[in-house]
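Working notes, beginning with the structure itself.
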Amino acid sequence: MAPDVVIVGGGVAGLAAAAALGGAGWSVEVLEARPHLGGRATSYALPNTGVVDNCQHILLRCCVNLLDFYGRMGVADRVVFGQDIPFLEPGGRVSHFRRGVLPAPLHFTESFLRMSFLSWADKICVARAFLAILWERGRRRDLEEISMLDWLREKGQSPNAIERFWRQVLVSAINEELDRMAAIHGFQVFWLGFLASSTSYEMGVPTVPLVELYTAGAWAGMPRVAIRLRQPVERVLVEGGVARGVVVGGEERRAKVVISAVPFEKAAGLAPEAGIDVSAFTHSSITGVHFWFDRPVTALPYGTLLDRNLQWFFAKEGGRYLQLVVSASKPWLKLSRQEVIDRSMAELAEYLPLVREATLVNAQVVKEARATYSALPGLGKHRPGNRTKLTNFVLAGDWTRSGWPATMEGAARSGYLAAEVAAEILGRPQRFLLPDIA
């Protein structure tokens, strides 16, 4: 019997749509081309290494729809939240960014005043910009069109404040440089993640490889959801202006609704009849570096690294295994594997002195050239909604108009929004999307 819904793509967006619809009683079939789920937030086995994440992915407590999806999957307890964000300077000095006794939006006042990597003049600049975010949020109409760097300069931010605070937070969050990032996204990160609630900034790090958040066991409670791996969809089957199903391996798979949950570069080719225009979209890359040492090199669970190319480290296995992240890493795509390793080792030793005493046992480099779409100024008007010209062909994906940038929360939101459209088409409207915290 044909399922109610076929979902093309087993990334976070497609899986969130499947969990919502399957949990509401519809029959769903997820078709994933690769041998594992998770899309660009996943893990895979490497020779002589084991299972590793393509790159460390984290979430904040303000990612309410992603957390809801993890709850539906029964894996929310596999994410551990920390209340401290360590900022490390070359030389090893650490500043801790954490909430204090004051209520939001003043809850960071104590730790902010103690942050040693910013001068008092820098801190005054940043405080003025925070006040501007609180005032201009919801009032200013050009934030989609100007870059975050333009806005910061307009607000008189010092070069040091821009580089060591604003860039340090936002490039990692949005995966794009400040001059190529629409200001609306910077506003959203700081409003929802730092100012709206005293706990929304808390960083959640999965305690298991990402792929284990989507494994078959998580779907056991949703018997009406079928996961099909190694099933590359060739095209959507369109008859009389209606999506009748998909074609896989030359065979037709019929369904009442088809949801495309693939990246933008693949979506248009699935159903040319839908007229999806992705010409305004470009990619931004992420490079993940994995180091295994013969001994622990840090007692910190994670930290953000100032003034160099490396932006974050995440420690596993008691500090013996470190995942390093370089967002917006286009220059690194041209480097050889050994060049990436050598550069990362040299930089890491500036922050963690124990690295100099340790022996590097294993190293892996994962370059994601198409990690996310580039959140350029002016792109917002080109992000499509979930509906298309074909009545029952629905779009999901972090590149669609989810209300968030290219994050796992944006992907989960898009999946829930697509599920709502599908539910309406199937004659039983439901709400799945949870509102933002503020």
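The values are calculated or read from the model by the stated rules, or taken from the named source; none is laboratory data. The structure presented is a predicted model; accordingly, all values stated were derived computationally and were not measured. Cβ: placed from backbone, ideal geometry, glycine included. Neighbour counts: every protein chain shown. Keep in mind that these areas ignore ligands, DNA and RNA; they rest on the heavy atoms of the full protein, side chains included. Shrake-Rupley method; radii C 1.70, N 1.55, O 1.52, S 1.80 Å.
Per-structure values
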item: Separation of alpha-carbon centers, region 8-74 and region 82-120, rounded to whole Å; result: 33
item: 14 Å Cα-Cα reach of LYS330 towards aspartates and glutamates, excluding residues that sit fewer than 8 places from it in its own chain; result: GLU176, GLU177, GLU368
item: Percent carbon-and-sulfur accessible area, region 102-245, ignoring ligands, DNA and RNA, probe 1.4 Å; result: 56
item: Karplus 3J(HN,Hα) series, Hz, for region 114-120 with 6.51 cos²θ - 1.76 cosθ + 1.60 (x for Gly, Pro); result: 8, 5, 6, 7, 10, 6, 5
item: Per residue accessible area in Å² of the chain, where ligands, DNA and RNA are left out and the probe is 1.4 Å; result: 40
item: Inverse mean reciprocal Cα-Cα distance (Kirkwood Rh) of region 183-311, Å; result: 20.2
item: Whole-Hz couplings from phi, Karplus 6.51/-1.76/1.60, listed for region 394-411; x for Gly and Pro; result: 10, 9, 9, x, 5, 7, 7, 7, 8, x, 10, x, 6, 9, 5, 5, x, 5
item: Under Karplus coefficients 6.51, -1.76 and 1.60, residue-wise ³J(HN,Hα) of region 22-35 in Hz, glycine/proline x; result: x, x, 8, x, 8, 7, 9, 10, 9, 10, 10, 5, 8, x
item: Rounded if a/c under 1.5, otherwise prolate or oblate - region 307-438, Cα gyration tensor axes; result: prolate
item: Equivalent ellipsoid, the chain (semi-axes from 5 times Cα gyration tensor eigenvalues, Å); result: 37, 26, 20
item: Residues ASP277 and GLU163, FRET efficiency given R0 of 30 Å [Cβ-Cβ distance, rounded to 0.05]; result: 0.25
item: Shape parameters for region 77-224, alpha-carbon atoms, Rg then Dmax in Å; result: 17.8, 59
item: 22 Å Cα-Cα reach of LYS316 towards lysines, excluding residues that sit fewer than 8 places from it in its own chain; result: LYS367
item: Those trypsin sites (Lys or Arg not before Pro) in region 108-150 that DSSP places in a loop and that have at most 14 other beta carbons within 10 Å; result: ARG139, ARG141
item: Ranked packing of 68-76, 380-388, most packed first, by mean Cβ within 10 Å; result: 68-76, 380-388
item: Set of lysines with alpha-carbon distance to LYS155 below 17 Å, sequence-local pairs under 8 removed; result: LYS123
item: Debye log10 I(q)/I(0) for region 334-374, one point scatterer per Cα, at q = 0.17 Å⁻¹; result: -0.58
